[in-house]
Amino acid sequence: MAERPYTILSCGISLDGYLDAATPERLVLSNEADLRRVDAVRAESDAILVGAATVRHDNPRLLVRTAALRAERRRRGLGESPTKVTVTESGCLHRNNNFFTTGESEKLVYCASRSASRVRSALTGLATVVDAGQPVDLTDVVGDLFARGVRRLMVEGGGRIHTQFLTSDLADELHLVVAPFFVGDARAHRFVGTGAFPWNPSHRAHLAETRQIGDVVLLRYALSSRFAGVS
Ligand SMILES: NC(=O)c1ccc[n+]([C@@H]2O[C@H](COP(=O)([O-])OP(=O)(O)OC[C@H]3O[C@@H](n4cnc5c(N)ncnc54)[C@H](OP(=O)(O)O)[C@@H]3O)[C@@H](O)[C@H]2O)c1
């Protein structure tokens, strides 16, 4: 396999395993202390990747929020926030999304061939659009990120993206935060969808750490032999 970045999947879920509610509003699963932890993981990353549905639905900024962490990145000769990365088949991305309009960091859009030229025109001056083939294979995406100098990648969802990273065995760590409530609506998105996961009843993942953070709990799993053990 081509070289790929050290990859951390980061996700918050409800007690019944949902990523979100089935309503238009963004569901808050985390708490302030956990958001500070996530911010520190972001600050240690070279790039943050989310699926295009998350860009559209959550409209995340994907920036390092804490001034001291941004200053520390500058001291290390880095930009204040990591490169932002998304993946799309449809090319339905809007110039006004916070993904594109906030922060000075590079923005990369891996786009299926059928939409690439249209998306490149639509996002001129805002993002680098990479024609990632048809269909887009995330193994190629992470290989290309490595070639661009990304050595540490944070993946912040959503479910279809997490499913592919896990079933393609492209993740080194999973940071799963469990919030203390139920969503209870089968129309909502689950953490992952259907797939052949490398971890199953006869091949259990290694639970490396549990940490209570206020009213949520972080479950940290080592998913590869590259697991670094510190965070
Ligand atoms: N709780 C959390 O930590 C958390 C974090 C992030 C998101 N979320 C939630 O998760 C939900 C979104 O999750 P989701 O599973 O619907 O979507 P997602 O994983 O964010 O994005 C899926 C989209 O990404 C693009 N994509 C993914 N794989 C691709 C591939 N191999 N080739 C081409 N394009 C690809 C496609 O975009 P196109 O449709 O443009 O083709 C696809 O529809 C939202 O409700 C959000 O609030 C929760």
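The values are calculated or read from the model by the stated rules, or taken from the named source; none is laboratory data. For clarity, every value in this text was computed on a predicted model and none was experimentally measured. Counting neighbours? That spans all protein chains shown, and the Cβs are built from the backbone with ideal geometry, glycine included. All accessible areas refer to the heavy atoms of the entire protein, side chains included, with ligands and DNA or RNA removed. Shrake-Rupley method; radii C 1.70, N 1.55, O 1.52, S 1.80 Å.
Take Val142 and decide whether it is in contact with a Lys or Arg (Cβ under 7 Å, 6 or more places away or on another chain) and either within 29 Å of Arg36 (Cα to Cα) or not in a loop (DSSP other than H, G, I, E, B) (or both). First the steps, then the outcome.
Numbers: in contact with a Lys or Arg (Cβ under 7 Å, 6 or more places away or on another chain): yes; either within 29 Å of Arg36 (Cα to Cα) or not in a loop (DSSP other than H, G, I, E, B) (or both): yes.
Considered against the rule, which asks whether it is in contact with a Lys or Arg (Cβ under 7 Å, 6 or more places away or on another chain) and either within 29 Å of Arg36 (Cα to Cα) or not in a loop (DSSP other than H, G, I, E, B) (or both), Val142 comes out as yes.
Each row is one residue, and each column tells you yes or no for (1) of a type in the set (Asp, Glu); (2) modelled with pLDDT under 95; (3) in contact with a Cys (Cβ under 9 Å, 6 or more places away or on another chain).
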| residue | (1), (2), (3) |
| --- | --- |
| Asp185 | yes, no, no |
| His206 | no, no, no |
| Thr210 | no, no, no |
| Tyr221 | no, no, no |
| Ser231 | no, yes, no |
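Among what's in segment 54-77 and is more than 18 Å from the chain's Cα centre (by Cα) and touching a residue at least 12 places away in the same chain (Cβ under 8 Å), pick the residue that is farthest from Ala122 (Cα to Cα).
Glu72
Considering only segment 147-164, I want to know if a residue exists there that is among the hydroxyl-bearing types (Ser, Thr, Tyr) and more than 13 Å from the chain's Cα centre (by Cα).
Of segment 147-164, the ones among the hydroxyl-bearing types (Ser, Thr, Tyr) are 163.
Restricting the remaining residues to those that are more than 13 Å from the chain's Cα centre (by Cα) gives none.
Looking through segment 147-164, none of the residues is among the hydroxyl-bearing types (Ser, Thr, Tyr) and more than 13 Å from the chain's Cα centre (by Cα).
From Val155, Val150, Val216, grab the single residue that is modelled with pLDDT of 95 or more, closer than 14 Å to Gly17 by Cα, buried (at least 17 other Cβ atoms within 10 Å of the Cβ) and among the hydrophobic types (A, V, I, L, M, F, W, C). So that I can check it myself, show each step before the final result.
On the way: Val155 fails: closer than 14 Å to Gly17 by Cα; Val150 fails: closer than 14 Å to Gly17 by Cα.
Step by step, each of Val155, Val150, Val216 is checked, and only Val216 is modelled with pLDDT of 95 or more, closer than 14 Å to Gly17 by Cα, buried (at least 17 other Cβ atoms within 10 Å of the Cβ) and among the hydrophobic types (A, V, I, L, M, F, W, C).
Can you pull out every residue in segment 1-14 that is within 13 Å of the ligand (Cβ to nearest atom) and assigned to a loop (DSSP other than H, G, I, E, B)?
Of everything in segment 1-14, just one residue is within 13 Å of the ligand (Cβ to nearest atom) and assigned to a loop (DSSP other than H, G, I, E, B), namely Ser14.
For the subset of segment 178-216 comprising residues that are free of Cβ contacts under 8 Å to residues at least 40 places away in the same chain and in contact with a Lys or Arg (Cβ under 9 Å, 6 or more places away or on another chain), which member is nearest to Ser14 (Cα to Cα)? Before you say what the answer is, go through the steps one by one.
Pass one, segment 178-216, residues free of Cβ contacts under 8 Å to residues at least 40 places away in the same chain: 186, 192-212.
Filter once more, so that each one left must be in contact with a Lys or Arg (Cβ under 9 Å, 6 or more places away or on another chain): 192-193, 207-211.
Values: Val192: 13, Gly193: 15, Leu207: 19, Ala208: 21, Glu209: 19, Thr210: 16, Arg211: 16 Å.
Across segment 178-216, the extreme among qualifying residues is Val192.
Does segment 111-131 include one or more residues that are open to solvent by 30 Å² or more (accessible area, probe 1.4 Å), more than 13 Å from the ligand (Cβ to nearest atom) and under 29 Å from Ile13 (Cα atoms)? Even if it seems obvious, please write down each step before you answer.
We begin by selecting, within segment 111-131, every residue open to solvent by 30 Å² or more (accessible area, probe 1.4 Å); these are 113-114, 117-118, 120-122, 124-126, 128, 131.
Then drop every residue that is not more than 13 Å from the ligand (Cβ to nearest atom), which leaves 117, 120-121, 124-126, 128.
Subset that is under 29 Å from Ile13 (Cα atoms): none.
Among the residues of segment 111-131, not one is open to solvent by 30 Å² or more (accessible area, probe 1.4 Å), more than 13 Å from the ligand (Cβ to nearest atom) and under 29 Å from Ile13 (Cα atoms), which makes the answer no.
Thr54 - would you say it is within 16 Å of the ligand (Cβ to nearest atom), polar (S, T, N, Q) and open to solvent by 40 Å² or more (accessible area, probe 1.4 Å)?
Values: within 16 Å of the ligand (Cβ to nearest atom): yes; polar (S, T, N, Q): yes; open to solvent by 40 Å² or more (accessible area, probe 1.4 Å): no.
So Thr54 does not fit the description; no.
Across segment 57-108, what is the number of residues that are buried (at least 17 other Cβ atoms within 10 Å of the Cβ), within 11 Å of the ligand (Cβ to nearest atom) and of a type in the set (A, V, I, L, M, F, W, C)?
3
Taking interchain pairs and intrachain pairs at least six residues apart, which have beta carbon atoms under 7 angstrom, with the first residue in segment 108-129 and more than 20 Å from Leu49 (Cα to Cα) and the second within 10 Å of the ligand (Cβ to nearest atom) and open to solvent by 60 Å² or more (accessible area, probe 1.4 Å)?
So the pair list comes out as Arg114/Gln134.
Working carefully through the options Ser14, Ser45, Ser30, find the one that is open to solvent by less than 10 Å² (accessible area, probe 1.4 Å), of a type outside the set (Phe, Trp, Tyr) and either more than 29 Å from Leu126 (Cα to Cα) or at pLDDT below 95 (or both). Talk me through it step by step, then tell me what you get.
On the way: Ser45 fails: either more than 29 Å from Leu126 (Cα to Cα) or at pLDDT below 95 (or both); Ser30 fails: open to solvent by less than 10 Å² (accessible area, probe 1.4 Å).
Selected residue: Ser14, the only one of Ser14, Ser45, Ser30 that is open to solvent by less than 10 Å² (accessible area, probe 1.4 Å), of a type outside the set (Phe, Trp, Tyr) and either more than 29 Å from Leu126 (Cα to Cα) or at pLDDT below 95 (or both).
Within segment 15-46, which residues are away from the ligand (no atom under 15 Å from the Cβ) and hydrophobic (A, V, I, L, M, F, W, C)?
Correct list: Ala33, Ala40, Ala43.
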